[in-house]
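Notes for the one structure printed next.
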2 protein chains.
Amino acid sequence: MGKRMGTVSKALSLLTYFNHGRTEIGLSDLTRLSGMNKATVYRLMSELQESGFVEQAGADRSYRLGPQVLRLAALREAAVPILSVSRRVLRDLSDETGETTHLSLLQGSQLNSLSHAYSPRNATKVMMEDAEVLTFHGTSSGMAVLAYADPAFAEEVLSQPLEARTPETITDPQEIRAQLGEIRSTGIAQSIGGFEADVHSHAVPVFGPDRKVIGALAVAAPVSRMSAKQKQLIPEALRRAGATLTHRIGGSAPADYPQDTTA
Amino acid sequence: MGKRMGTVSKALSLLTYFNHGRTEIGLSDLTRLSGMNKATVYRLMSELQESGFVEQAGADRSYRLGPQVLRLAALREAAVPILSVSRRVLRDLSDETGETTHLSLLQGSQLNSLSHAYSPRNATKVMMEDAEVLTFHGTSSGMAVLAYADPAFAEEVLSQPLEARTPETITDPQEIRAQLGEIRSTGIAQSIGGFEADVHSHAVPVFGPDRKVIGALAVAAPVSRMSAKQKQLIPEALRRAGATLTHRIGGSAPADYPQDTTA
DNA sequence: ACCAATGGTTCGAATAGTGAACCAAATGGC
DNA sequence: GCCATTTGGTTCACTATTCGAACCATTGGT
């Protein structure tokens, strides 16, 4: 927090010290965490409290987030449905990579492709349909979601018969479990010809506000166009786009997700 | 906003101008709405934008709520899971009554509808929006809250001009005071066509850990469907649901609240 | 070409924020 | 029972920050 900031930014920065492990913070703790003067912190918190952004818990007088944030969140949701947000991210990602991109969301126990974007750069491209059901095994999006989903859910999916859409589809549960571990360590999934022949796709998970995976963002390219250069560019751009989308919809990645080191 | 307020309160008060009818507001509009100087509004909004509380939409540069509010709402839920707890209660209550149910919470001096559930049983149903502002007079939820709120607060509400949303809305303060007394003796409020025509709604107060009213739980049905049987079933189910919700969030009703005798 | 909007910027005057020091009330050793 | 430390909360002289009238630069309508 080395920068010069106005009073409002200072006040709001106090809210950043709340997280899943620290839902209540006392005045003295906040003073230490923020490095500001105690009187300043007190006054700022008093104002935040008047506006309902924080409230004081009963026992000690430590602060926690107030009910007002719920109202704002409901309005944000009404103003910015995830899909419209994702469209811009998808278009930018398509422009950057020159390939087809799509977003899929976990709805119930089914993964649906819900939005996509094409790049005008290349005449040949991977075609997509919205509301297409994706299998978990054999698609990069499905694997990305599975890698970060509730382990019980993943096991349930793997316990069912796994259909091979193409000769390349991997259907051995043991091999898939191994791949999921690998995805968890890199934060990105890929599949070569697992769903459609000749398609090389990459995918990253998208997380919601509760840090749970809600879907996946993917880039699908013809294998013939996957040059060495593309093999580097696409994962990079995809990672960035995934982080952007997760952030724009108010989500945050779980602590164990491989974070972007260059902020 | 005639009161003296610090910079932070001013900035946050700008956020109150967002609602369902106005999810995006331009600089000039905000200046007019708030009555502040344009330069002031601009600077405050710039700071809110830096913190991610608002963002500027693409086309014109009008502002809308930013993704940061979703993160805070998720944390608030982690600390005080009212919404997630209420969702289950609402769903059960909708299933039991066959009607639309909703929860509203008192935020500052404003009552906001924050969560709702529909019943699949009937094709016609009362529709709801989250984050809608409810009037105290003319809604069963508002009356339920007012009946158990600080008397000084109730009087302040009644001293202000009471708008009639429908021809059925009761706007006479004296008559409202009489109704509040009645609500206190029965523990349940009802309104027929006071907010939306042809809607018969019942509401019970919800209490926090300090025994103060924090909001209301309501059932809204089309008047045409309010048979004698429903007129008995709904209040019963609502009372039970209200007690359950108050209990689940760690609250307790004040001593003078008409308690469920059959525990 | 004009006018009336819009978003954005400037700068001296005035207000609002700052922080060291200070309370009173809980805690916690011992 | 006592001293020491910690807590949340408050004061007040100093000054940095915010305020607001007036200003620009664009845009869109006629």
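If you plug the beta carbon distance of residue B:172 and residue A:212 into 1/(1 + (r/R0)^6) with R0 = 35 Å, you get a FRET efficiency near 0.10. Expressed as a whole number of Å, what is the distance separating the alpha-carbon centroids of the range A:71-121 and the range B:17-68? A separation of 24 Å, based on Cα centres. Across the identical copies, the label point of residue A:35 (7 Å from Cα in the Cβ direction) is separated from its matches by 4.0 nm, in order from shortest. Calculated mean residue ellipticity at 222 nm for chain A: -13000 deg cm²/dmol, from DSSP H runs with n ≥ 4 weighted as -39500 (n - 2.57), summed, divided by the residue count and rounded to 500.
For the range A:7-67, a/c is less than 1.5, where a ≥ b ≥ c are the root eigenvalues of the C-alpha gyration tensor. That puts it in the rounded class.
Going by accessible surface with a 1.4 Å probe and the largest first, A:238, B:162 read B:162, A:238. Between A and B, roughly 3700 Å² of accessible area is buried in total, ligands, DNA and RNA not counted and the probe set to 1.4 Å. In the protein assembly as shown, inverting the average of 1/r over every pair of distinct C-alpha atoms gives 25.6 Å as the Kirkwood radius. Basic side chains Lys and Arg get +1 at the Cβ, acidic Asp and Glu get -1 at the Cβ, and with that the dipole of the range B:7-70 about its Cα centre reaches some 200 debye. Residues in the range B:114-129 carry Karplus couplings, in order, of 10, 7, 8, 9, 9, 9, x, 5, 10, 5, 8, 8, 7, 8, 10, 10 Hz; the curve used is 6.51 cos²θ - 1.76 cosθ + 1.60 with θ = phi - 60°, and Gly or Pro positions show x. Relative to the longest principal axis of the C-alpha atoms of chain A, give the angle of the C-alpha long axis of helix A:38-50, reported between 0 and 90° and rounded to the nearest 10°. That works out to roughly 70 degrees. Divided by 2.2 N^0.38 Å, where N counts the residues, the Cα radius of gyration of the range A:28-101 comes to 1.75. Each other copy holds its own label point for residue A:84; taking that point as 7 Å from Cα along Cα to Cβ, the gaps run 2.8 nm, nearest first. Under a 5 Å amide H cut-off, with hydrogens placed 1.01 Å from N, residue A:214 pairs with A:206, A:207, A:208 among residues at least 5 apart or on other chains. Take the Kirkwood radius over Cα pairs of the range B:117-193, plug it into Stokes-Einstein at 37 °C and 0.692 mPa s, and you get 240 µm²/s for translational diffusion.
Comment: the Cα-to-Cβ extended label point of residue B:19, at 7 Å, lies 3.8 nm from its counterparts in the other copies, nearest first. Seen from a random direction on average, the alpha-carbon convex hull of the range A:51-180 projects onto 12.6 square nanometres. Among the listed pairs A:38/A:212; A:125/A:229; B:125/B:231, a Cα-Cα separation exceeding 26 Å is found for A:38/A:212.
Ranking A:143, B:5 by solvent-accessible area of protein heavy atoms (1.4 Å probe, all protein chains present), from largest to smallest, gives B:5, A:143. The heavy atoms of residue B:212 present about 130 square angstrom of accessible area, all protein chains included, probe 1.4 Å.
Relative contact order, whole percent, for chain A stands at 14, derived from Cα pairs under 8 Å and 6 or more residues apart.
The accessible area of residue B:64, taken with all protein chains in place and a 1.4 Å probe, comes to roughly 40 Å². Largest accessible area first, the residues A:225, A:165, A:32, A:177 order themselves as A:32, A:165, A:177, A:225 under a 1.4 Å probe with ligands, DNA and RNA left out.
Relative to the dominant Cα principal axis of chain A, helix A:68-79 is inclined by about 30°. On the protein assembly as shown, 50 percent of the accessible area sits on carbon and sulfur atoms, based on a 1.4 Å probe.
Shielding of peptide B:13-20 by partners, expressed as the average count of other chain Cβ atoms within 10 Å per residue Cβ, is 3. How big is D, in µm² s⁻¹, for the range A:80-248 by Stokes-Einstein at 25 °C and 0.890 mPa s if Rh is the Kirkwood radius over C-alpha pairs? Calculated translational D: 157 µm²/s.
Computed with a 1.4 Å probe on the full set of protein chains, the accessible area for residue B:247 sits at about 140 Å².
As a calculated quantity, the FRET efficiency between residue A:163 and residue A:123 at R0 = 22 Å, using C-beta atoms, amounts to about 0.10.
Remark: the range A:7-67 carries 47 Å² of accessible area per residue (probe radius 1.4 Å; ligands, DNA and RNA excluded). For chain A, take the longest principal axis of its alpha carbons; what is the angle in degrees between that and the long axis of helix A:228-248, to the nearest 10 within 0 to 90? The helix A:228-248 is inclined about 40 degrees to chain A.
Placing unit charges on the Cβ atoms only, positive for Lys and Arg and negative for Asp and Glu, gives chain A a dipole magnitude near 1340 debye about its Cα centre.
Among all stretches of chain A without exposed GluC sites (Glu not before Pro) (DSSP loop, at most 11 other Cβ atoms within 10 Å), which one is longest? Answer from the scan: A:1-128.
The values are calculated or read from the model by the stated rules, or taken from the named source; none is laboratory data. Just so it is clear, the structure is predicted and the values come from calculations on it, not from any experiment. Neighbour counts are summed over all protein chains in view; Cβ atoms, including those assigned to glycine, are modelled from backbone coordinates with ideal geometry. In case anyone asks, the SASA skips ligands and DNA or RNA and just uses the protein heavy atoms, side chains included. Shrake-Rupley method; radii C 1.70, N 1.55, O 1.52, S 1.80 Å.
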